[in-house]
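A short write-up of the structure that comes next.
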Amino acid sequence: ETGVTQSPTHLIKTRGQQVTLRCSSQSGHNTVSWYQQALGQGPQFIFQYYREEENGRGNFPPRFSGLQFPNYSSELNVNALELDDSALYLCASSFEGLPPREQFFGPGTRLTVL
Amino acid sequence: RKEVEQDPGPFNVPEGATVAFNCTYSNSASQSFFWYRQDCRKEPKLLMSVYSSGNEDGRFTAQLNRASQYISLLIRDSKLSDSATYLCVVRGAAGNKLTFGGGTRVLVKP
């Protein structure tokens with residue numbers, strides 16, 4: 001077990017709704033990255049949070065937003081859900097410094113948009 | 001063109017056989033390279049980092065060819081438990097963004 005937890009494990013929403021996914025990072029880690037994995041594809045980088053600030057963003061629209069809290073846990077918020085948002089959402093925690101360290105993935109939240 | 005490309009497979013491998021597969025990456029400035037393993041409906045887990053000189057971890061050997069921009073993974077003496085999707089992962093020069101390939105599915109059969 002990596003010590004990274006995510007909630008909920010599964011979620012069903014309808015188009016246009018909003019969703020919040022949560023991630024608790026491994027103890028001692030200060031960085032959380034979020035990835036979207038559609039069925040049959042590799043994970044795609046959404047964004048990363050380091051010390052409560054966004055630290056890099058992938059090719060995702062602004063309706064994907066996030067937060068990191070002082071305890072380094074994180075939330076991913078998606079507004080105006082679309083059918084294509086159905087995917088496994090993975091968070092990964094790491095301790096960022098030089099050199100960059102391994103990212104440990106949580107079990108993911110499986111989101112279905114109907 | 002995708003930043004990291006892999007043959008999706010599946011590679012059907014007899015138990016005990018050797019299997020090898022590659023991935024190619026497009027960004028020549030990429031700094032770090034990894035193979036992750038992902039079991040069905042589970043999260044990715046780091047299998048091994050890939051170094052320029054090549055490296056081995058038990059039955060697994062990884063190679064990096066910077067000139068041709070490809071990474072390889074070889075599995076010797078395949079076990080049934082090696083059945084999984086193998087994700088090629090590249091980290092760029094800036095930040096800690098990981099770029100994943102689409103994965104290569106390996107099925108080891110008795």
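The strands (runs of 3 or more DSSP E) found wholly in region A:37-99 and carrying at least 1 residues that are within 12 Å of A:Val19 (Cβ to Cβ), away from every other protein chain (no Cβ under 14 Å) and polar (S, T, N, Q) occupy A:64-68, A:74-78. Entry remark, region B:80-110: residues being in a strand (DSSP E or B) and under 14 Å from B:Pro8 (Cα atoms) number 10 in total. When region B:1-57 is limited to residues that are within 11 Å of chain A (Cβ to nearest Cβ) and among the aromatic types (Phe, Trp, Tyr), the one that is surrounded by the most Cβ atoms within 10 Å (Cβ to Cβ) turns out to be B:Tyr36. Within region B:84-101, the residues that satisfy the criterion of being open to solvent by 40 Å² or more (accessible area, probe 1.4 Å) and not aliphatic (A, V, I, L, M) are B:Gly95, B:Lys97.
Residues in region A:1-23 that are outside any loop (DSSP other than H, G, I, E, B), of a type in the set (S, T, N, Q) and surrounded by fewer than 20 Cβ atoms within 10 Å (Cβ to Cβ): A:Thr5, A:Ser7, A:Thr20.
Is there a residue in region A:88-107 that is touching a residue at least 40 places away in the same chain (Cβ under 8 Å) and farther than 23 Å from B:Trp35 by Cβ? The answer is no, given that none of the residues of region A:88-107 is touching a residue at least 40 places away in the same chain (Cβ under 8 Å) and farther than 23 Å from B:Trp35 by Cβ. With respect to the stated conditions, B:Val89 is of a type outside the set (D, E, K, R), within 11 Å of the chain's Cα centre (by Cα) and within 10 Å of chain A (Cβ to nearest Cβ).
The values are calculated or read from the model by the stated rules, or taken from the named source; none is laboratory data. In this text, all values refer to a predicted model and were calculated from it rather than measured experimentally. A quick note on method: Cβ atoms are made from the backbone with ideal geometry, for glycine too, and the neighbour counts reach across all protein chains shown. Protein only, heavy atoms only, side chains kept; ligands, DNA and RNA dropped before computing areas. Shrake-Rupley method; radii C 1.70, N 1.55, O 1.52, S 1.80 Å.
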